[in-house]
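Remarks on the structure that follows.
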Amino acid sequence: MKDKKRKMFNEGQLESLCKIIADTNTGLTGSQIEQCLRDSKIKDVDPNITKWRRLYNALITEQNESGMGNCVLTFISKALNPARFVGELKFYRGIIEKINTVLLFQGLEFKEDGCFHTVKAAKTLSEAESRASNLKETIASRNLHSHLLKFCKAELLEDNYFHAVLEATKSIASMIRAKTGLTSDGATLVEAAFSGSSPMLKINPFETESEKSEQKGFVNLTKGLFGTFRNTTAHAARYEWNLPEEDAVDLFTLASYVLRRIEKSS
């Protein structure tokens with residue numbers, strides 16, 4: 001973050017960040033704050049006062065002298081270095097979520113890779129809180145297939161639904177190829193794997209007319225996913241593709257269902 005001048009944090013944002021980082025129950029200890037300030041080359045101007053005020057005074061003094069917010073980001077990256085939280089992943093994610101509620105106003109997000117990422121800036125508190133937590137909780141509550149999350153988790157957490165829908169369908173194609181050895185894509189791949197009188201993959205025993213009808217319906221459903229989302233988004237400019245969060249999560253749930261049926265197919 002040093003090579004680009006970052007906008008200064010206002011007093012309210014900085015106070016919130018300091019209270020999160022120096023929280024009595026979940027934040028850094030006084031000695032840890034001292035160490036991170038030293039590592040960040042930030043002067044500890046008031047070492048003998050309350051932890052969050054100590055941190056606030058150090059950061060706001062450095063920020064005012066430099067005229068930019070880089071020092072705040074440097075300190076956060078030191079304080080939230082992933083290596084410091086080995087074995088405490090749930091706890092770590094909780095802190096990051098709170099930190100990101102503030103950072104979103106700056107158009108930034110801190111992730112588990114220990115780096116800041118540029119995102120669309122939040123304009124209201126409700127928007128920031130929603131983007132920092134609700135989507136993640138919604139996705140977790142749906143218990144989506146791990147193969148899908150591996151493909152599109154990054155896009156989901158950035159609210160990048162345009163590319164996330166592409167990744168969701170890619171995850172389906174990837175699993176089909178892995179199970180069949182086929183190399184085609186989209187509807188052609190689905191047809192080759194699941195259609196015919198003796199399909200390569202069967203989602204059921206494929207003996208009764210009812211079972212064969214279910215297989216055919218599954219083929220149409222999966223082809224529909226590719227046709228509706230992958231083909232459309234692949235050929236449309238991003239600004240032309242309006243996919244709200246609730247629709248995106250429903251799509252991922254449907255894709256997750258398809259993946260589970262493919263995974264269990266024989």
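The values are calculated or read from the model by the stated rules, or taken from the named source; none is laboratory data. Note that the structure is predicted; figures quoted are calculated from it, not measured. Quick reminder, even Gly has a Cβ in these numbers, built from the backbone with ideal geometry, and neighbours come from all protein chains shown.
Things worth noting here:
- Residues in region 1-27 that are farther than 15 Å from residue 72 by Cα and touching a helix residue (DSSP H, G or I) at 6+ places or on another chain (Cβ under 6 Å): 27 alone.
- Considering region 235-266, and only residues there that are in contact with a helix residue (DSSP H, G or I) (Cβ under 7 Å, 6 or more places away or on another chain) and modelled with pLDDT under 70, the residue that is surrounded by the fewest Cβ atoms within 10 Å (Cβ to Cβ) turns out to be 238.
- Evaluation of residue 42 against (1) surrounded by fewer than 20 Cβ atoms within 10 Å (Cβ to Cβ); (2) in a loop (DSSP other than H, G, I, E, B); (3) β-branched (Val, Ile, Thr) (one fails), failing number: (1)
- The one condition in (1) outside the structural domain of residue 118 (by TED's automatic domain parsing); (2) free of Cβ contacts under 8 Å to residues at least 40 places away in the same chain that residue 31 fails to fulfil: (1)
- In region 218-226 there is no residue that is among the basic types (Lys, Arg) and modelled with pLDDT under 85.
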